[in-house]
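A.B. asks: Below is the structure I would like to discuss, written out as structure tokens.
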């Protein structure tokens, strides 16, 4: 009888273990998040069984720190040992745990949040995990184009600068037809976790739109300047100077000949 009892107990335990088996599933592709916005790190079990009674732990694979990013255990969040930089920024939707969804909501994403995350789910007799690759993008300031004068051949010197990007952005000059222009100088700097970039170019083609485009993986900002000929600029300045000079000469003439002008006007009126 004892042999039968233990046999049935083992078989029952094996059956319970098999019935409790599941697969933890994460996204096949990286999760792209924007700095300053919220992001969802997907994680669920397959088949869709409840994980309310299980242990759900999120942690970083690429950090030496052994502290969790988020821990759910015994039906509640236990984040007393959470990594300091994640305090108050992580959340599991408890209602979704009943559907087998243990996705992590990460608020106010930072550049430092980029990395590899592990979603670990453990029941009484089974466990599995999935890896989530989080990539962060920070959109910088709109590019600013400045005119830096002319060279000896009449070429127009232009500079384009933009700051506050992550990862390191690409800066591209384009003419009005969308053809890329090769920059003459390139400057790139990193300030803490953000990048700034500045390109210089000399334009010889006149009466054309010149675009400065800055972009990272999924975001792009662009500025536009209309390049006109140097001759036109000089003519405009010359006309303005001549107009001002003519006005000054007329004023001086009137001032010096006020008496003569007055006699002339009186003679004209009474005639």
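The values are calculated or read from the model by the stated rules, or taken from the named source; none is laboratory data. Just so it is clear, the structure is predicted and the values come from calculations on it, not from any experiment. Note that we place each Cβ from the backbone using ideal geometry, even for glycine, and neighbour counts take in every protein chain shown.
A.B. asks: Output the residues belonging to region 152-191 that are part of a loop (DSSP other than H, G, I, E, B) and within 20 Å of the chain's Cα centre (by Cα).
C.D. replies: Within region 152-191, 167, 168, 169 meet the criteria.
A.B. asks: I would also like to ask the following. Got a sec? Which of 203, 197 is surrounded by 15 or more Cβ atoms within 10 Å (Cβ to Cβ), under 28 Å from residue 34 (Cα atoms) and outside the structural domain of residue 34 (by TED's automatic domain parsing)?
C.D. replies: So the residue among 203, 197 that is surrounded by 15 or more Cβ atoms within 10 Å (Cβ to Cβ), under 28 Å from residue 34 (Cα atoms) and outside the structural domain of residue 34 (by TED's automatic domain parsing) is 197.
A.B. asks: Of these, 71, 156, which one is surrounded by 15 or more Cβ atoms within 10 Å (Cβ to Cβ) and free of Cβ contacts under 8 Å to residues at least 40 places away in the same chain?
C.D. replies: Result of the check over 71, 156: 71.
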